[in-house]
Amino acid sequence: MDNHFFHLVKYSPWPLLIALNLINSVTSITKFILTSSSLMSVFFVLISVLIMIQWWRDVMRESLYEGSRSLKINYIIGSGMIFFIISEVCLFVSFFWMYFYYSLSPDMETGSIWPPFKMTRMSFMDIPLLNTMILLMSGFFITWAHYSLTMNSFKNSSINLMMSILLGMYFLVIQGYEYMNSSISFNDSVFGNSFFILTGFHGLHVMIGLIFLIVMMSQLIEKKFSLMNLSGLEYSIWYWHFVDIVWLCLYLTVYWWGM
């Protein structure tokens, strides 16, 4: 029996594999930007998803079947999730900083105006507003799912969580439609760079959040949650609300103010 409250993690290949795969993913995304070849990007994204599934499987196995989670460990994991979200906030702050730097002091190459000269403006009342409503509704449903679960209503919780997942997928479909029908490209000066970096990284985080929610949905269907064990679902809700807030900031700055 251990004489401490901490769980000593077993040897695992997943941290090393996900680190190597992320390096390859960055390389493949760079190739996609330069050559429009998406085969490598799709391949490494799928590999990342498979590694995440295996890693989460081990984490849930430690929690549910091996009894490796005490209150202190759950508190530490929750603190780690908070610091992870803070690091993500810093990432997007750097992107917004870049956007404001170039938009508030446009150089001669952009015609000294923002958006650049002869750049087609996108209406903030069309697809961007629709996507905003979709994400807000998704955040509402996932909060309702958590409330239903605290009331021991597994059926309502499953329905609301499924609605949140479907709305998140619909958001990505609409975002892809906007990309395909946009007159702006990544190579259209710093305006196109900043637009696709901000919206693209947000879309990537939506994909990660959806994977998180789908894993939680599988756990909910198998009834592996209880009033004393809602940590995983709560972490996914924190992350999803973070994605919502980032999109609101992006909508107000890039689509409404920036256009």
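Would you mind working out the accessible area per residue for region 139-259, using a 1.4 Å probe, and quoting it in Å²? Mind showing how you got there, number by number?
Values: 5440 Å² over 121 residues.
For region 139-259, the solvent-accessible area averages 45 Å² per residue.
In region 166-259, which GluC sites (Glu not before Pro) fall in coil by DSSP and have 11 or fewer other Cβ atoms within 10 Å? Could the numbers behind the result be given before it?
Values: sites: GLU178, GLU222, GLU234; in loops: GLU222.
Here the GluC sites (Glu not before Pro) that fit, given the DSSP loop and packing criteria, are GLU222.
Once phi is turned into θ = phi - 60°, what whole-Hz ³J(HN,Hα) does the Karplus curve with 6.51, -1.76 and 1.60 give for every residue of region 18-35, x standing for Gly and Pro?
3J(HN,Hα) across region 18-35, in whole Hz: 5, 5, 5, 5, 5, 4, 5, 5, 4, 4, 5, 5, 4, 5, 5, 5, 7, 10.
Give the residue list of trypsin sites (Lys or Arg not before Pro) in region 115-204 that are DSSP loop and have at most 10 other beta-carbon atoms within 10 angstrom. It would help to have the intermediate numbers written out before the result.
Details: sites: LYS118, ARG121, LYS155; in loops: LYS118, ARG121.
For trypsin sites (Lys or Arg not before Pro) across region 115-204 that sit outside H, G, I, E and B with at most 10 neighbouring Cβ atoms in 10 Å, the list reads LYS118.
Determine the relative contact order of the chain: mean sequence separation of Cα pairs under 8 Å and six or more apart, normalised by residue count, in whole percent. Provide the component values of the computation, followed by the final result.
Details: 198 pairs, mean separation 53.5, N = 259.
Reported as a whole number, the value is 21 percent.
In a shell of Cβ-Cβ distance under 13 Å around HIS202, excluding HIS202 itself, what net charge do Lys and Arg (+1) and Asp and Glu (-1) give? Display every interim value, and only then the final one.
Numbers: positive: none; negative: GLU88, GLU178, ASP244.
After counting each charged neighbour, the total is -3.
What is the magnitude of the charge dipole of the chain about its Cα centre, with +1 placed on the Cβ of each Lys and Arg, -1 on the Cβ of each Asp and Glu, and no other charges, expressed in debye to the nearest 20?
Numbers: 11 positive and 13 negative charges, 96 e Å.
In total the dipole reaches around 460 debye.
The values are calculated or read from the model by the stated rules, or taken from the named source; none is laboratory data. Everything numeric in this text was worked out from a predicted model, so none of it was measured. Note: ideal-geometry Cβ built from the backbone for every residue, glycine included; neighbour counts use all protein chains shown. Quick note on the areas: whole protein, heavy atoms, side chains included, nothing else; ligands and nucleic acids left out. Shrake-Rupley method; radii C 1.70, N 1.55, O 1.52, S 1.80 Å.
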